[in-house]
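Written out below as structure tokens is the structure these notes cover.
The values are calculated or read from the model by the stated rules, or taken from the named source; none is laboratory data. Just so it is clear, the model here is predicted, and its values are computed rather than measured. Here the Cβ is made from the backbone with ideal geometry for all residues, glycine too, and neighbour counts use every protein chain on show.
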Amino acid sequence: MTMNNESTDIAIIGAGPSGAIASALLKARGYDVVIVEKQLFPRFSIGESLLPQCMEFVEEAGMLDAVLAAGFQHKNGAAFRCGDKSTDFDFREKFTSGPGTTFQVQRAQFDHVLAQQAELAGVDVRYQHGLKDIAFNDDAVSLTVEKNDGDVYTLDAKFVLDASGFGRVLPRLLDLEAPSDFPVRCSVFTHIQDGIDCPDYDRDKILITIHPVHTDVWYWLIPFADGRCSVGVVADKKYFPDSDLSSEEIIKKFIAEAPELNTLLNDAVFDTPVQQLSGYSSNVKSLWGDRFALLGNAGEFLDPVFSSGVTIAMKSASLSAPLIDRQLQGEAVNWETEYAIPLKRGVDAFRAYVESWYEGGFQDVIFASVQSDTVREMICSILAGYAWDEDNPFVAHPSRRLNNLVELCRF
């Protein structure tokens, strides 16, 4: 069979947030951009509680007005609960300048809004086109693409971005995958009609509930604007029942073990199939290579606990676009020092808090009876997504600063 041959300046694998934003940034610089997206949008995706830092990247890509007009649930912070202990973080009360509010979104709609904005900017978004193979030739990177109807064509590009998220297309094709150093954890989640009628419940915040016995088990409750919520539980696989329980029975069993959450969701209607994910933490040997780079979850995914995934994805898009521009203009670009290392600084800041969360240290910090307002604002900045602000001591030296703080809280 003879395949059609096409060409573009930049090919992007995946039309999610990192792909859409990177495409718009590159299109604004005058490049022809093609996105190949295996699925048809709108489509379900997890990762629904954005962080305020995201809004800067959305605005940079020229998509802010569309997001503001979409009617998503306003978000101004995060609430943490464990038995009779509780604390709230208002993201407007942070150390780092920048937006202090954002949205809690059904990703099907949110991702579609961003992709549509990319199309309006002139990006060629091709749904139900999946990458089958890739070859690096002297004059082009050749992508073999298969349409949903089985037709195959070749797309030649000068540069390729992998924004495929958990699909991790290039890491699989190029043998870039590396084991994560996080334990294998499982998540069970769904969307519900929440039926919440509680005057103390704040729909402007994500609610993180900690299991009353197993403090490394936690739940998210993300309210949407239409009386619905995303609810999920994350736990080491050892906590999951070894039985014939259905996914819905499993999540209801976990919720029943958290009395406050169980009461809050007393009138909830489980009307959407419950899904499971396990072993989702991932890593790669390198975030870049010969005429390609990995964005967001295609490179590394930590853990859902602080909702960092979309923020890291958008940050990677913002970092990569000017570097691609420079490279295609003939300049030398050091992708390790100008992309991988800067991106990892923020990822490592998030990592310190994820690790401390599961070890219990960061939980001791946020529930401490005596807290410094200044330190709280610095931590709030990280929880709001500003993990690349090295003027914040808790970003510049995340593990050391946090460990010292844990020791003080435990003293």
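Some values worked out for this structure:
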item: Test for VAL310: is it in the same structural domain as HIS191 (by TED's automatic domain parsing) and either within 13 Å of the chain's Cα centre (by Cα) or not polar (S, T, N, Q) (or both); result: no
item: Filter pass, PHE367 being at pLDDT below 95, among the hydrophobic types (A, V, I, L, M, F, W, C) and either farther than 23 Å from ASP90 by Cα or touching a Lys or Arg at 6+ places or on another chain (Cβ under 6 Å) (or both); result: no
item: Matching option when the condition is hydrophobic (A, V, I, L, M, F, W, C), in the same structural domain as ILE12 (by TED's automatic domain parsing) and surrounded by fewer than 16 Cβ atoms within 10 Å (Cβ to Cβ), among LEU120, LEU114, LEU143; result: LEU120
item: Subset of segment 240-256 [farther than 22 Å from ASN266 by Cα and either touching a residue at least 40 places away in the same chain (Cβ under 8 Å) or basic (Lys, Arg) (or both)]; result: PHE240
item: Verdict on SER23 being assigned by TED's automatic domain parsing to the domain that holds GLY130, of a type in the set (S, T, N, Q) and out of contact with any Pro (no Cβ under 9 Å at 6 or more places or on another chain); result: yes
item: Test for PHE306: is it at pLDDT below 95, touching a Leu at 6+ places or on another chain (Cβ under 7 Å), closer than 30 Å to PHE189 by Cα and part of a loop (DSSP other than H, G, I, E, B); result: yes
item: Filter pass, ASP138 being within 24 Å of the chain's Cα centre (by Cα), exposed (fewer than 14 other Cβ atoms within 10 Å of the Cβ) and over 30 Å from ILE206 (Cα atoms); result: no
item: Subset tally (residues that are part of a loop (DSSP other than H, G, I, E, B), at pLDDT 90 or above and either surrounded by 15 or more Cβ atoms within 10 Å (Cβ to Cβ) or among the hydroxyl-bearing types (Ser, Thr, Tyr) (or both)) for segment 270-288; result: 5
item: Complete set of residues in segment 352-384 that are touching a Gly at 6+ places or on another chain (Cβ under 9 Å) and part of a loop (DSSP other than H, G, I, E, B); result: ALA384
item: All positions within segment 397-411 that are free of Cβ contacts under 8 Å to residues at least 12 places away in the same chain and in contact with a Phe, Trp or Tyr (Cβ under 7 Å, 6 or more places away or on another chain); result: ARG401
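To keep it simple, each residue is scored yes or no on (1) more than 23 Å from ILE210 (Cα to Cα); (2) within 22 Å of the chain's Cα centre (by Cα).
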position	(1), (2)
ILE341	yes, yes
GLY346	yes, yes
TRP357	no, yes
GLY361	no, no
ALA368	no, no
GLN371	no, no
ILE379	no, yes
VAL395	yes, yes
SER399	no, yes
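Yes or no, residue by residue, for (1) under 19 Å from ILE21 (Cα atoms); (2) surrounded by fewer than 17 Cβ atoms within 10 Å (Cβ to Cβ):
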residue	(1), (2)
LEU319	yes, no
ILE341	no, yes
ALA349	no, no
VAL354	no, no
TRP357	no, no
GLN363	no, no
SER369	no, yes
ARG376	no, no
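Let's see how each residue does on (1) among the charged types (D, E, K, R); (2) touching a strand residue (DSSP E or B) at 6+ places or on another chain (Cβ under 7 Å); (3) not assigned by TED's automatic domain parsing to the domain that holds GLU48:
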position	(1), (2), (3)
VAL217	no, yes, yes
LEU221	no, yes, yes
LYS237	yes, yes, yes
GLU249	yes, no, yes
LYS252	yes, no, yes
ALA256	no, no, yes
THR272	no, yes, yes
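Here is a yes/no grid of residues against (1) at pLDDT 95 or above; (2) under 21 Å from TYR386 (Cα atoms); (3) surrounded by 24 or more Cβ atoms within 10 Å (Cβ to Cβ):
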residue	(1), (2), (3)
ASN4	no, no, no
GLY14	yes, no, yes
ALA24	yes, no, yes
ALA28	yes, no, no
LEU50	yes, yes, yes
GLU56	yes, yes, no
PHE72	yes, no, no
ARG81	yes, no, no
